[in-house]
Structure formats: structure tokens, C-alpha cells
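See below for the structure under consideration.
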Amino acid sequence: MFDDLADRYDLMNRMLSCGIDVKWRTKAILELKKGNPRKILDVATGTGDMAIIACHTLKPEKVIGIDISEHMLELGRKKVEKERLSNAIQLQMGDSETINFADNSFDAVMVAFGVRNFEHLESGLKEMFRVLKPGGQLIVLEFSRPRVRIFRSLYNLYMSFVAPEVARWFSQNKKAYQYLNQSAKLFPDRHDFVEILNRSGFSDTSFKSLSAGICCIYMGKKFEG
């Protein structure tokens, strides 16, 4: 499905969010700034947006992005080359539930709009915990359901009807965006997801709500012990 979406994926993200998804990604990445991570893993990197923003914002030595969609990665590599970041960013095939890196490999791990697509959510989170260095930080950016009724009603209308129709006009893949809407609805957001982070080994967990609750940044650390 993501291979099919790849060619129009960035355009649709910008259009469907009115460009605000870039601000969400930047705010999430800024949560890592205090830790000054030198080596970052970007899980479900897609076309590399998070990796590129992280390089510009944090100036790490290395960002490695993994994804299961080769077509997404191909487009991401072109973007990385265009940004002249090929020495800093490496994009490669990889499964979030079987991350092909040793324990304690990364100073930070990040994932944007990807964990809701994990087949086994806790397995993926435990893998991210495993490859984090002690003291390292995880950030997760995901859609959430607004709590204020009027915003929730507008959000549901937009995600259920407007977004799939716009997607169909541009990508001819309405079903894919209907799936993305359903996966966002079923995702255990806010305190429920924080509890899953705790069960997966993370400590000092929290979340920040963005844009009237449309999106949340989740944070957790690997205990230094």
C-alpha cells in the first residue's frame, strides 16, 4: 500500500494537513535537543522527512532511517541527496519489529505517524527500547482524537470524508487513506499509549497535545541503570 502511495505521499501530507505536519515534526524533534543526540534512528522513516528535519535542527553525526517500503526509501534518498545530507543520513530497508541493530546503539529513536501501522505495537516499542542507549530518548508523533466536542466532530468529518476524497482526486487510492483514518481511530492515544510505553520498558513517559488535540508528541527514556 505504501509503495503505491509513495509518489504522492509528501504532496498529500502537505495538502491534507495544510502544511502543519512539518511544524508538528519540528516540535517533536526539538524535544530531543536537550540530550544532544549524536546518532539517531528514525523508524518508519517513509520518504525521510523526520531524518532531514532532524539533521537541520539537531546537527547529529548520523541519522539512520528504516522502512519496509522500498519505493518510499528510493524517493527519500533523492530528497536526502538534494538536501546534500547523504553523509549524515542513511535510509535502508528495515522492520520495526525486528530492528537490525545491536543493543544500545542509538542516542535517540523517533517515529512519526508510523506506530499505528505496527502489526504488534508492543513488539516494535520493545525493539526501539532495546536499541536505545541508557539515558536515550524516544519520541513518537501520532494523530490523536480531540477531546473538545466541536473539534472532535470536525476532525471526524474531515478524516472520514474529506481526506479520503481529496486523496482519491490526487492519488486514485481512496482506500489507502480510509485505512490510515481507521488506524488513527483505533490507535490507543494519550494516557493509554503512555501506559503501553511504560509496559515496554520506558520511564519518564509523557505526552504533549498539539493543534487542539489532533496530534500528540509522546516521550519516554531508557533508564540509566
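Residues of the range 98-112 that are out of contact with any Asp or Glu (no Cβ under 6 Å at 6 or more places or on another chain) and under 17 Å from Ser69 (Cα atoms): Thr98, Asn100, Val111, Ala112. Taking first residues from the range 52-66 that are closer than 14 Å to Ala28 by Cβ and touching a residue at least 24 places away in the same chain (Cβ under 8 Å) and partners that are crowded, with 19+ Cβ neighbours inside 10 Å and of a type in the set (Lys, Arg), the Cβ contacts under 9 Å between residues at least 6 apart in sequence or on separate chains come to Ile53/Arg25; Ala54/Arg25. In the condition set (1) under 20 Å from Asp49 (Cα atoms); (2) modelled with pLDDT of 95 or more; (3) not small (Gly, Ala, Ser), Phe101 is compliant with all but (1). Screening Gln178 against (1) in contact with a Pro (Cβ under 9 Å, 6 or more places away or on another chain); (2) at pLDDT 70 or above; (3) more than 18 Å from Ala28 (Cα to Cα) leaves a single unmet condition, (2). Just one of the numbered conditions (1) in contact with a Leu (Cβ under 9 Å, 6 or more places away or on another chain); (2) modelled with pLDDT of 95 or more is not true of Ile89: (1). Out of the residues in the range 32-61 meeting the condition of being more than 15 Å from the chain's Cα centre (by Cα) and in a helix (DSSP H, G or I), tell me which one is nearest to Leu132 (Cα to Cα). Only one residue fits best here, namely Gly35. One residue stands out in the range 195-215 among those that are at pLDDT 95 or above and crowded, with 19+ Cβ neighbours inside 10 Å: the one that is farthest from Arg116 (Cα to Cα), namely Phe202.
For Thr47, indicate whether it is modelled with pLDDT of 75 or more, among the β-branched types (Val, Ile, Thr) and surrounded by 21 or more Cβ atoms within 10 Å (Cβ to Cβ). Show your work before the answer.
Values: modelled with pLDDT of 75 or more: yes; among the β-branched types (Val, Ile, Thr): yes; surrounded by 21 or more Cβ atoms within 10 Å (Cβ to Cβ): yes.
So Thr47 fits the description; yes.
The values are calculated or read from the model by the stated rules, or taken from the named source; none is laboratory data. The shown structure was predicted, so the numbers you read here are calculated from the model rather than taken from an experiment. Neighbour counts run over all protein chains shown; Cβ positions are idealised from the backbone, glycine included.
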